[in-house]
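The values are calculated or read from the model by the stated rules, or taken from the named source; none is laboratory data. Bear in mind that the values here come from a model prediction, so they are computed numbers and not experimental data. Cβ sites come from the backbone with ideal geometry, for glycine too, and all protein chains shown count toward neighbours.
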């Protein structure tokens, strides 16, 4: 629950806007701050105070108890220029809320927590359960003192500064003053060194049970099974079973209590798993010789605890493989405000960023301290994708960046073609060049259209010509990528000749160079008057269809428009 403590008409209007930003109504406290702030403190998880920072501080000071339980508080000044997380920056969610509100309100988020100020990941905000001495370990990292980050397996980690050395278990660095232990096992260190334990979501619990088995009975079996194997309950990522148990209240209740998804599989899927302890009882009851062990295997985990049983239930535990993560990120046309928030977040979270050198330069301000950079020159796409996959397979969080959209003449397809088994892969879309050029020109892509690359480095020229001819015959608006370079001089004139054979001479043709970059330049022409010499490798050529036309727009401007043929437009 988010509450807003307002102080006047302007703050109430801003509070209404914040409700729109959040997409849900907040709880309002408008009867005075002296009563409103304490009331919000007891009723809300996050509080937005539209009071002065000093006034808010004095009112909440007597209420502070613990950063683990206090609500987060964000203060917005009267003019709406600054959004300041006052307390609960990490655990209370105030920093994230401040950034979100500042971005949408056009304000500045004033983040003062040390890790955020220095661009370092906070150990208690990685999304994994944690325990231990966060304050001492974080202080050691901030002070540049040697800290060991010990992984039992190669679970992916965010970028860390040079003084935080990542090593495999059993190879702890000498001289470290603090430790981060990444494990799904219960193994508290006994040497007195300040330690934070991070529990990755790596364990899968398979369970079967009699109808009506209670949540408490199931949890008791799970707890004993985890304890016997020395595994951490905080690392349980999923509870799995057979479809016949999808509506079993005890299993659903246990998943809810653990805060994990409850996933079930068809009996025939489970029957196909090679399990160590098949049984006739589940075969007769639900159609598979194994439920607990088989559902763990069906979920893609390796069995680490074989079936344990009580008179009411069975339990098995598996471990998901530790996999690196590769995100193929589209930066858009070049302007930062056209790079999506998801793309920016993927770059911030990456411990390794791979890309063409000029693209790396575009995002250097997003990189956190400790981020490793692997840049390559133009023409090294195979090397670039292989490098990104190799880093991900080594257990890293990798961002492979490209301009525009990564799935359109860019890095997504060669990455997937090379083979990405054993790693998690995500493609983050970007604003591709054709969409950027279309927005600059008006609406040339308002109806059916085709995009064709004139580069014959990867496609033979006869195939390209066949595709251009097909687009011309189909009367499609045609966007020409890679239209011209120092060595490819005949390609664009040849393509334009094919298009001109199927278009009126007055058909609009536009060239957009350096879209949304400082050197942006737009040239408007027609298919009869078009001069290929105005085009370079940083340009995109948009050739209209027979219905595309130039229309007056704005104050003396011109828009290139392809009508959508809405029936109501002809009335």
Quick one: count up the residues across segment 336-353 that are outside any loop (DSSP other than H, G, I, E, B), under 16 Å from residue 405 (Cβ atoms) and either touching a helix residue (DSSP H, G or I) at 6+ places or on another chain (Cβ under 9 Å) or assigned by TED's automatic domain parsing to the domain that holds residue 165 (or both).
4
So which of 85, 25 is under 34 Å from the mean Cα position of the chain (by Cα), part of a strand (DSSP E or B) and closer than 25 Å to residue 104 by Cα?
85
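Conditions (1) surrounded by fewer than 19 Cβ atoms within 10 Å (Cβ to Cβ); (2) touching a strand residue (DSSP E or B) at 6+ places or on another chain (Cβ under 7 Å), marked per residue:
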{"site": "241", "(1), (2)": "no, yes"}
{"site": "254", "(1), (2)": "no, yes"}
{"site": "270", "(1), (2)": "no, yes"}
{"site": "275", "(1), (2)": "no, no"}
{"site": "285", "(1), (2)": "yes, no"}
{"site": "297", "(1), (2)": "no, yes"}
{"site": "309", "(1), (2)": "yes, no"}
Residue check, residue 524 touching a strand residue (DSSP E or B) at 6+ places or on another chain (Cβ under 7 Å) and over 17 Å from residue 485 (Cβ atoms)
yes
Does residue 420 satisfy being within 27 Å of residue 300 (Cβ to Cβ) and surrounded by fewer than 22 Cβ atoms within 10 Å (Cβ to Cβ)?
yes
Considering only residues that are buried (at least 18 other Cβ atoms within 10 Å of the Cβ) and not in a loop (DSSP other than H, G, I, E, B), look in segment 106-117 and name the one that is modelled with the highest pLDDT.
109
Of these, 39, 35, which one is out of contact with any helix residue (DSSP H, G or I) (no Cβ under 6 Å at 6 or more places or on another chain), exposed (fewer than 13 other Cβ atoms within 10 Å of the Cβ) and more than 16 Å from residue 86 (Cβ to Cβ)?
35
For segment 159-169: of the residues being in contact (Cβ under 8 Å) with a residue 60 or more places away in the chain and crowded, with 16+ Cβ neighbours inside 10 Å, which is nearest to the chain's Cα centre (by Cα)?
159
For segment 539-562, how many residues meet the condition of being buried (at least 18 other Cβ atoms within 10 Å of the Cβ) and assigned to a loop (DSSP other than H, G, I, E, B)?
4
Tell me, which helices (runs of 4 or more DSSP H) wholly within segment 212-326 include 3 or more residues that are farther than 29 Å from residue 394 by Cα and out of contact with any helix residue (DSSP H, G or I) (no Cβ under 8 Å at 6 or more places or on another chain)?
215-229, 249-258, 280-286
Looking for something crowded, with 17+ Cβ neighbours inside 10 Å and either over 30 Å from residue 250 (Cα atoms) or within 33 Å of the chain's Cα centre (by Cα) (or both) - is there at least one such residue anywhere in segment 211-219?
no
Scanning segment 475-485 residue by residue, those out of contact with any strand residue (DSSP E or B) (no Cβ under 6 Å at 6 or more places or on another chain) and on the phi > 0 side of the Ramachandran plot turn out to be 475
Would you point out which residue out of 185, 172 is in contact with a strand residue (DSSP E or B) (Cβ under 7 Å, 6 or more places away or on another chain), at pLDDT below 80 and surrounded by fewer than 21 Cβ atoms within 10 Å (Cβ to Cβ)?
172
Only one of 156, 121 is crowded, with 21+ Cβ neighbours inside 10 Å, modelled with pLDDT under 85 and closer than 30 Å to residue 238 by Cβ; which?
121
The helices (runs of 4 or more DSSP H) lying entirely within segment 354-441 that contain at least 3 residues which are within 30 Å of residue 548 (Cα to Cα) and out of contact with any helix residue (DSSP H, G or I) (no Cβ under 6 Å at 6 or more places or on another chain) are 433-441
Report, by residue number, each residue of segment 361-409 that is touching a residue at least 40 places away in the same chain (Cβ under 8 Å), more than 19 Å from the chain's Cα centre (by Cα) and closer than 26 Å to residue 437 by Cα.
408, 409
Residues in segment 288-297: is at least one in contact (Cβ under 8 Å) with a residue 40 or more places away in the chain and closer than 30 Å to residue 513 by Cα?
no
Within segment 195-210, which residues are surrounded by fewer than 19 Cβ atoms within 10 Å (Cβ to Cβ) and in contact with a helix residue (DSSP H, G or I) (Cβ under 7 Å, 6 or more places away or on another chain)?
201
Options 102, 178, 140; residue that is modelled with pLDDT of 85 or more, under 24 Å from the mean Cα position of the chain (by Cα), outside the structural domain of residue 344 (by TED's automatic domain parsing) and more than 18 Å from residue 351 (Cβ to Cβ)
102
Positions within segment 451-474 being within 21 Å of residue 485 (Cβ to Cβ) and in contact with a strand residue (DSSP E or B) (Cβ under 9 Å, 6 or more places away or on another chain), in sequence order:
451, 452, 453, 454, 455, 459, 464, 467, 468
Scanning segment 388-410 for residues that are out of contact with any strand residue (DSSP E or B) (no Cβ under 7 Å at 6 or more places or on another chain) and more than 21 Å from residue 481 (Cα to Cα), the one surrounded by the most Cβ atoms within 10 Å (Cβ to Cβ) turns out to be 395
Give the residue that is nearest to the chain's Cα centre (by Cα), with candidates limited to residues of segment 31-56 that are more than 14 Å from residue 76 (Cβ to Cβ), at pLDDT 85 or above and assigned to a loop (DSSP other than H, G, I, E, B).
45
